[in-house]
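Here the structure comes first, spelled out in structure tokens, and everything after it is commentary.
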Amino acid sequence: MAKEYHAVTPDLVAYLTYRVTQPRWFMSGSLAGLALLFVQSRFLEVEGLSLWFFIAGVGLLGYAAIFGYVNFVSRDTNLKNALKARSRSQARAQFVVWEPQGAFAFLIVLAELAFVAGFLAIAAVFVLSVLDAEQTEEDMPDFHMIAGGPQPVAPFSHAVESEGFVFLTGQMPTDPGAPDAPLPDGIEAQTVRVMENLTLILAGLDLDLGDIVQVRAYLSEFDRDYVAFNDTYRGYFPPDRLPARTTIGVTALAVGALVEIDLIARRP
């Protein structure tokens, strides 16, 4: 005696159960599921994305397996016809999972949910990865060479900017317009020239001395020049806005300079 299958289903399940009787969904589900699992096993190392590829692939293969059973294994024409009939029913009652027909509908829905959730997660991870890549590109440092700035005495940029901070290379007391000219005499004159060179670079970056947060100064005659250097340096900053500073005595500086100063600024 043939089994009876009741055509009672909500619209969503009706649509899904009808699709499982269509060969094109079997082929596309099988191929897509295998492709997802292949990509997941061979190429994916992105945390989180690999799991969702696996879930989507298993869902698609499960969907194809249900199709294969309904259409090729069970050979139960009543079941196949009932699944098609479910799609024609507009009744809103929920299916009963312990009925044979309801059990298949339940499995179909689970398979559909698996690969739909997988695809949505894959899309979300892809969008997030694109946004992260754009953010990473924005966070790459910028290397600045200022037109008309002091001629470098070694291979370096005038400044490097990253995440709102600007790092100025230590400047020498050379004349930007005449880099081979003799250096000014004495620590006071050389300090003035170094600060002018730094101010020139800052101006090329739309910054000024008010944006400085740290200073490092290097003196080749520390004991002799320290006091005079401080007297000259002090005039460039308000008493209540003095940047953090380190002053270091060194044995020698490039081009025979008495002083070199580098800065860290923060862009407002």
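The values are calculated or read from the model by the stated rules, or taken from the named source; none is laboratory data. None of these values were measured; they are calculated from a predicted model. Note that each Cβ is placed from the backbone with ideal geometry, even for glycine, and that neighbours are counted across all protein chains shown.
For this structure, a couple of remarks:
- Pairs where the first residue, in the stretch 188-213, is in a helix (DSSP H, G or I) and the second is of a type in the set (S, T, Y) and surrounded by fewer than 18 Cβ atoms within 10 Å (Cβ to Cβ), C-beta under 8 Å, 6+ apart: M195/Y236; L209/T199; L209/Y236
- Residue that is nearest to P182 (Cα to Cα), among those in the stretch 217-263 that are among the charged types (D, E, K, R) and crowded, with 17+ Cβ neighbours inside 10 Å: E260
- Top-ranked residue of the stretch 148-187 - restricted to ones that are free of Cβ contacts under 8 Å to residues at least 60 places away in the same chain and among the hydrophobic types (A, V, I, L, M, F, W, C), ranked as surrounded by the most Cβ atoms within 10 Å (Cβ to Cβ): A159
- Filtered residues of the stretch 166-187 (kept if in a helix (DSSP H, G or I) and among the β-branched types (V, I, T)): I187
- Residue list for the stretch 202-224, filter: touching a strand residue (DSSP E or B) at 6+ places or on another chain (Cβ under 6 Å), within 17 Å of E260 (Cβ to Cβ) and not aromatic (F, W, Y): I212, Q214, V215, R216, A217, L219
- The set of residues from the stretch 144-165 being touching a helix residue (DSSP H, G or I) at 6+ places or on another chain (Cβ under 9 Å) and part of a strand (DSSP E or B) comprises H144, A159.
- Close pairs from the stretch 220-248: first within 14 Å of V192 (Cα to Cα) and modelled with pLDDT of 95 or more, partner charged (D, E, K, R) and part of a helix (DSSP H, G or I), Cβ under 7 Å, at least 6 apart: A228/E188; T232/E188
- Filter pass, V213 being surrounded by fewer than 19 Cβ atoms within 10 Å (Cβ to Cβ), touching a Phe, Trp or Tyr at 6+ places or on another chain (Cβ under 7 Å) and farther than 13 Å from Q171 by Cβ: no
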